[in-house]
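Notes follow the structure.
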């Protein structure tokens, strides 16, 4: 290759392409500069300011001890049950608004608390507090699944319902024909 | 440990679906097809000339669709560019955006340079909307001279040389991602990038053979027997290396017989018995191995050779898909605590179903069909003066090659629409 050609009119098209590539790269670098959020990268590959923002949010975790202040009977019911290890919000939702209302109601006589809603069986549905007699809640732990220890109570749903002679095999609340939620007996 | 203190299960199902199977499959075809084109442009394998352009454009078409499976799997396409805007330097996945973009840029420029003679000729001769498209593609450079042709040859070779390592990195990187997941004994091996890379070359060559033979059949022309035989030879060698590496890796795991081997052997003999044992090894590896041995025989009837090579290539494409499936899905079928298995059935519908996967695989072919309409993928449908792509001696040109394209905007429209061969015999304006 004659290197003089690179700087001749024969190479005009290459210079045009090079210009376009450099221009495109420059636009990307400039655009990236505009898009990168402030405080990004200060402490790692994330927005450092996000930590403060997250920390400033109120905690959405309602621990069992908060629930059991009012629902002491449930605490007694679960006392000897294997389900004592399962937190309330696992089966009833976060209950954050419910707790806020309950705390207000405790200070304001006559104030009513919204009743729990019926859950649709979808774990992606965000309901603050729901009553749950849905098989989905039970099966998330008790359906035969990889990774469970051998001693953990697991069932093959179809076989189990047939063996037990369940009446409403397809019913969402079929588990509660025989079992209680809080107390695991029998 | 009190098992009742934990919420189970920890392995409820597979997270990386058929779309993550398709992604390495498509990038493999991209890298493999590019390597074939580089064999011609860099290593002067003249026998591959009939497929050199097809290989390059195939690579571009598949590359342009390579991100679709990822977008379908990840959802939120509006966040797609975040990987380049705020990349995590400690994550191998963050490299994807840059490697992919660099490779795509290189492919676009190389394809543009390879087809520049045609683009320039059509920009000068076509009128109307089609002419406008070619004039835009010409980027204002509407003259072809001997000097510009030399510069193009040099640039094409340079890009092809640079493209080989980038293509290898693009696909080796996919294997690297799997190989670097140390929690998964089915993936975590240093051989994984190499296996992915070699199988990419295998799938690229096989894909080209199928495309070339299929397109020749559709056009009613005979495939170039020497070219098909040469590709079959390359395919056979690459297949032997790829399968040997896969078997070596498996043999190594079996010989080591680590704690994970019990679950892996059950995975292979029960859960992947069909997709691995039958499809990947027997149908996809052994059968093509024998068929290609027949196809590369020098004095074999060209029709039989093409049939054997084409069938073997189809089977190899199935083998590579099965290999991707067995790696991606197989690696998620067993519990990471080695306690059992989950099942995976691909749904027909939905964003990550069989129909969506078929559409994703069809789109590159649609892009190839469009490219065929826009640019001549075949030697006999392009301007004859643009035949030579190597420097040095020029091939049979009745006039200085530059003269054929020295047609300017002042050329009368009537003359622009004349056949190229006629323009070759008239002096340039």
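We did not get these values from a lab; they are worked out from the coordinates using the rules stated. Since we're looking at a predicted model, the values are computed, not measured. As a convention, Cβ positions derive from the backbone with ideal geometry for all residues, glycine included, and neighbour counts pool all protein chains shown.
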Inset, instruction - For chain B, with a Gaussian network of springs between Cα atoms less than 10 Å apart, report the residue from B:43, B:321, B:178 with the top mean-square fluctuation. - result: B:43
Inset, instruction - For chain B, set up a Gaussian network in which alpha carbons nearer than 10 Å are linked by springs, and say which option among B:41, B:271, B:252 fluctuates the most. - result: B:252
Legend entry - When the convex hull of its Cα atoms is projected in every direction, mean area for chain B (nm²): 24.6 nm²
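When each pair of different Cα atoms in the protein assembly as shown is counted once in the 1/r mean, what is the Kirkwood radius in angstroms, to one decimal?
29.1 Å
For segment B:89-154, what is one quarter of the convex hull surface built on the Cα atoms, given in nm²?
6.0 nm²
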Inset, instruction - Calculate how steeply helix B:302-328 sits against the longest principal axis of the alpha-carbon atoms of chain B, using the helix alpha-carbon long axis, and give the answer as 0 to 90 degrees to the nearest 10. - result: 40 degrees
Legend entry - Computed FRET value (nearest 0.05) for residue B:249 with residue B:44, which takes r as the C-beta separation and R₀ as 35 Å: 0.55
Inset, instruction - In Å³ and rounded to a whole number, note down the convex hull volume per residue for the Cα atoms of chain A. - result: 304 Å³
Legend entry - Rounded to 10°, Cα long-axis angle of helix B:354-374 versus longest principal axis of chain B: 10 degrees
Inset, instruction - Would you mind classifying segment A:58-132 by shape? Square roots of the alpha carbon gyration tensor eigenvalues, ordered a ≥ b ≥ c; an a/c under 1.5 is rounded, otherwise it is prolate if a/b is larger than b/c and oblate if not. - result: oblate
Legend entry - Stokes-Einstein translational diffusion, segment B:106-208 - Kirkwood Rh over all Cα pairs, 0.692 mPa s, 37 °C, in µm²/s: 199 µm²/s
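Normalized C-alpha radius of gyration of segment B:64-119, against 2.2 N^0.38 Å?
On the way: Rg = 14.4 Å, N = 56, 2.2 N^0.38 = 10.2 Å.
Working it through for segment B:64-119, the quotient is 1.42.
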Inset, instruction - Tell me, rounded to the nearest percent, the portion of alpha carbon pairs in segment B:215-340 spaced more than 24 Å apart. - result: 40 percent
Inset, instruction - Classify segment A:134-181 as rounded, prolate or oblate from the Cα gyration tensor: take a ≥ b ≥ c as the square roots of its eigenvalues, call it rounded if a/c is under 1.5, otherwise prolate when a/b beats b/c and oblate if not. - result: prolate
Legend entry - On Cα atoms only, tilt of A:12-35 relative to the major axis of chain A in degrees: 40 degrees
Inset, instruction - Would you please classify the overall shape of segment B:308-373 from the alpha carbon gyration tensor, given that a ≥ b ≥ c denote the square roots of the eigenvalues, rounded means a/c under 1.5, and beyond that prolate means a/b larger than b/c while oblate covers the rest? - result: oblate
Inset, instruction - Sum -39500 (n - 2.57) across every DSSP H segment of at least 4 residues in chain B, then divide by the residue count to get the 222 nm mean residue ellipticity, nearest 500. - result: -20500 deg cm²/dmol
Legend entry - Hull-based mean projected area of segment A:3-56, where the convex hull spans the alpha carbons, in square nanometres: 5.5 nm²
Inset, instruction - State the Cα centre-to-centre distance between segment A:16-57 and segment B:130-148 in whole Å. - result: 37 Å
